[in-house]
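Read-outs: derived from the displayed coordinates by stated rules, not from any lab. Bear in mind that the values here come from a model prediction, so they are computed numbers and not experimental data. Every residue, glycine among them, receives a Cβ derived from its backbone with ideal geometry; neighbour counts consider all protein chains shown.
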Ligand SMILES: *Cc1c(COP(=O)(O)O)cnc(C)c1O
C-alpha cells in the first residue's frame, strides 16, 4: 500500500542545502525554488522546503496588538524565519493578517453543539479574504524574480486579491475567470487595473488545465490556488493561531476547501512549528466542501485514495468550485496519514449556516459558511466531542456575493412618511 509522504531525496545538483527548494509532496522529487510551473511533472503539488527550519523562531511571540500597531510590520517580517524569501519587502504589504480569533458565542455554540468553537475572521483582510496572505507571498516572489506581471485563475477572490497586491507593487495583473464569478468580485479586480479575462462556456476544471498548460508553453508564471508560494503565505495563519492561543494547539481546524492551498498552508505552518520544537502535537484539519462539488471530502468519507471528479455542477459556494483540484491527492493522503476529517454541506445547509452566522454578527460568503454546517453534522454524528477546541476559518466577506441575499428571508419593509410611526410603536421594538 501506499504513498509515502515526504520521502527524502537529496536536492538536485547545484542547489545549496541552505537555500529553499521545492519538493513534490507525494514522491519527494526536488525542483529549484524558481520553478515556473507550480506542479511537478507528474501533476503532484509542490511545497517549499525551508533549510534550518529546526532553528526558526517567531520574532515576537507576545503582544499581538502591539505588534500590529507597528507601522509597516507585515506578516512576512513577523514570521521571516519560516519564509523562503531573501527579503520580506514590507513596502508590498497592504496590512494583511493579524486577524481576530473570536469565540463563536453562545448562539453558534448552541447551534453547532460545540462549546469551544472559535472563529478566525479572515474577512477583515485588505480585500476581505485570506487570499491576501498568499498574494503578498506571490508578489514578493515576483519582485525577487524580477518579473513584471502576475497571472492567476480564480472564481473571484484570488483575482481580486492579486489585482490589489499587483497594483501596490506596480506589476501588471491578468486574471482568468469562469463566467459564474459574482459581479462584485469582477468589479473589484478590474478597478485595481487588472486585465480580466472571463471565459465562457467551459467547465472550470478544463479552463484551469488549459491556462496552466498555455502558461507553461509560453513561459509565463501563473499562480493558481494550490501554488507552493501562496501556501507559504497561508502558513502565517497557523503562526497567528499559535500566538493567539498562547502556544496551545487547537484540536480541529475546519477549512472550506477548493484548490487546497489554504488547508495545506495552515497545516504546513503547524508542521513547521513542530519541526522548530515550538509545539508537540498537530491539529487535525477538517476538509469541508459543498455537497454538490466534493471531490476531496467524498473521497475521504468513502475511503478512496483518489479524488472523485465533479463537472458542470452548481453551488452557491462559488468560491469552492474546483471539481478536480490539481494536486488534490496530497490532501487525501494527508487526511489518512494524520487522521483528518472531511464533511460536506448541502445547498440548503450552507444557506442556513450563513443565516446563523449573520444572526450572530458575522456576514460571510456562502463558501465560508460551509464549515459551520459541517461542524454541526460532525457533532451530531458524534465524530467531534462537544468539548473539543475547534477553529472555523471565516474565509471571505458576505459583501463579496450580494446575489445570495435573495435566498434569505429578510425583514425589509417599505413605507411612506405616514407609515413610519407604526414601526416605532411599542410592539415592534
Ligand atoms: C479561495 C477560497 C476558499 C478555498 O480555498 P482554497 O485554497 O482554494 O482551497 C474558501 N473560501 C473562500 C472565501 C475563498 O476565497
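Quick notes
- Cα shape, the range 57-192, gyration tensor, a/c 1.5 rule: oblate
- Springs join every pair of Cα atoms under 10 Å in this Gaussian network model of the chain, and among 196, 231, 288 the largest mean-square fluctuation is at 196.
- Computed over the chain, Cα set: Rg, Dmax in Å: 21.3, 82
- Anisotropy class of the range 234-378 from Cα gyration tensor, a/c 1.5 cut: oblate
- Dimensionless Rg over Rh [the range 129-228; C-alpha; Kirkwood]: 0.93
- Cβ-derived FRET efficiency at R0 41 Å, residue 191 paired with residue 425, nearest 0.05: 0.40
- Gain in span if fully extended, residue 381 to residue 55, counting 0.36 nm per residue against the direct Cα distance: 113.2 nm
- Take 373-381, 101-109 and order them by the average number of nearby Cβ atoms within 10 Å per residue, most first; the result is 373-381, 101-109.
- Compared with the dominant principal axis of the Cα atoms in the chain, helix 131-144 is inclined by about 30°.
- Residues 89, 192, 262, 408, sorted so that the one with the fewest Cβ neighbours within 10 Å comes first: 408, 89, 192, 262
- Ranked list, fewest to most other Cβ atoms within 10 Å of each Cβ, for 246, 206: 246, 206
- At an R0 of 25 angstrom, the distance between the Cβ atoms of residue 363 and residue 409 translates into a FRET efficiency of 0.95.
- Largest GNM mean-square fluctuation among 369, 290, 167, using the chain with Cα springs under 10 Å: 167.
- Shape call, the range 212-319: gyration tensor on alpha carbons, a/c limit 1.5: oblate
- Here the residues 271, 35, 230, ranked from fewest to most Cβ neighbours within 10 Å of their Cβ, fall in the order 35, 271, 230.
- Both radii are taken from the alpha-carbon atoms of the range 149-302; with Rh as the Kirkwood radius, Rg/Rh is 1.02.
- Inter-label distance for residue 124 and residue 347, nm, one decimal - labels placed 7 Å from Cα along Cα-to-Cβ: 3.4
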